[in-house]
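Everything below concerns the one structure shown next.
The values are calculated or read from the model by the stated rules, or taken from the named source; none is laboratory data. These numbers were taken from a predicted model, which means no experiment stands behind them. All Cβ positions, even for glycine, are placed from backbone atoms using ideal geometry, and neighbour counts span all protein chains on display.
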Amino acid sequence: MGGFFGAVSRRDAVLDVFFGTDYHSHLGTRRGGMAIFDFDDGFQRQIHDIENTPFRTKFEKDLRDFHGCCGLGCISDSDPQPLLVRSHLGLYAIATVGIINNAEALVENCFTHNTDQFMAMSSGKVNSAELIAALINQKEDLVSGICHAQESIDGSMTILLLTQKGEIIAARDKLGRLPVLVGRNEDGCCVSFESFAYRKLDYQDAYELGPGEVVKVTPWGWETLSPAGTQMKICAFLWTYYGYPNSNYEGVNVEVMRYKNGQLMAQTEEKAGTLPDVDYVAGVPDSGLPHAIGFANQSGKTFARPFVKYTPTWPRSFMPTDQSVRNRVAKMKQIPVPELIEGKKLLFVDDSIVRGTQLRETVEFLYSSGAAEVHMRSACPPIMYGCKYLNFSRSNSDMELLARRVIQELEGDEGQQHLEEYADSATKRGQCLLHAICEKFGFDSLGYQSLDGLLEAIGIDRENICTYCWNGKE
């Protein structure tokens, strides 16, 4: 994934950009960058590796050198950003969030449009932001170039530009899979992925871009340069997993949605008579907690935290690049509360079950700590397809996904023709999937939220929500 924050003000905007970008650190773990523009001294830019040190720590020493009334920052899980680009359209900073599935074809096409070279990374791949800039620069103005880039890519791309005019041009991806919001205070305006980030900086909600919309943001307001499209496919995982609890997207708060989602899950089990008799309901990981609270409140079961995470040294278990190290860190972070585990029957609500990498160790950890029973619930349906629009559940192969792997084990290639049945726990195949995963990981029972239940919890028009990772429908 990735996140972004930009500000244009009648006063120095460096601290707003610094803190606003830092508030997007939950969206990426690899690179962080800032670009500030001053009318007298031009652009100042810095990019740091944040894999083992938080954004805030890396950039604190740079603040003394930054000065200017406008700037943007980016947290990236892929390429170093933001970039400074000089072309016939002027000098500008660019940051992007998204995926370009046809990047190689676009690079080759650029060579036919008088682009002689790209700066290649060690893998030989081209930085996505540089490729987007090359597409923009094929046109005679920035807005036409942005629209051209959006039409050219297969995937999804949100774009922020900071120009020498002291303006930010923000473009939401073509189908609005990620949010772009404008905040406003008495001194200027900001652009953000997360709404809570600017509220904490004393900006107020002002505007939410529509799908594919391009706006110009200045200290005095914002102006639509290219109108929004009519079709939206915002990512449902914003609410389920990676969106921050305090944020709102399309008017729906993340934390409130998660409470409702857990409540609906418990209601479904109560009606079906499948609610197990447990001592405690718990959430895992942190984003599973509100789903679990909703489940506990509805079911009348006591909510508890049978284990807590030790986070001072490793705040995020997926920060190490090596999978074995990530697994070890995740294990070391889990500190049991024996009084809440020994002899107890526990039900855990996870925000999602993607690859199942750490599930077995979690269950073994609980049983070794004395748990009598461990029941697992997923706050979303079985994930059947790796995301091809964002970096969330992106996989080299769909067979990396737990559900697809188990289906292959159960029925071979034939099973891959019946994914819709396997995703529905009311069917025979759906029940087979649940039982097989229970046996594989040692759960006493397993349940998934239905797609209908998840969409009801979000509460906006279902046609406007992307559900590709569950049903493969674009």
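Things worth noting here:
- Answer residue from the range 246-286, given it is of a type in the set (S, T, Y) and surrounded by fewer than 22 Cβ atoms within 10 Å (Cβ to Cβ) and is nearest to K309 (Cα to Cα) among those: Y280
- Cross-chain or 6+ apart pairs with Cβ under 7 Å, the range 73-94 first and on the phi > 0 side of the Ramachandran plot, then of a type in the set (D, E, K, R) and part of a strand (DSSP E or B): none
- Test result for E151, outside any strand (DSSP E or B), at pLDDT 95 or above, farther than 18 Å from K388 by Cα and out of contact with any Phe, Trp or Tyr (no Cβ under 7 Å at 6 or more places or on another chain): no
- Summed over the range 56-77, residues that are at pLDDT below 95, assigned to a loop (DSSP other than H, G, I, E, B) and touching a Gly at 6+ places or on another chain (Cβ under 7 Å) total 1.
- The one condition from (1) in a strand (DSSP E or B); (2) more than 26 Å from L175 (Cβ to Cβ) that D40 does not meet is (1).
- Listed by position, the strands (runs of 3 or more DSSP E) contained in the range 207-296 that have at least 2 residues being in contact (Cβ under 8 Å) with a residue 60 or more places away in the chain and not β-branched (V, I, T) are 221-226, 280-284.
- Qualifying position, being of a type in the set (F, W, Y), buried (at least 19 other Cβ atoms within 10 Å of the Cβ) and at pLDDT below 95, among F318, F295, F237: F237
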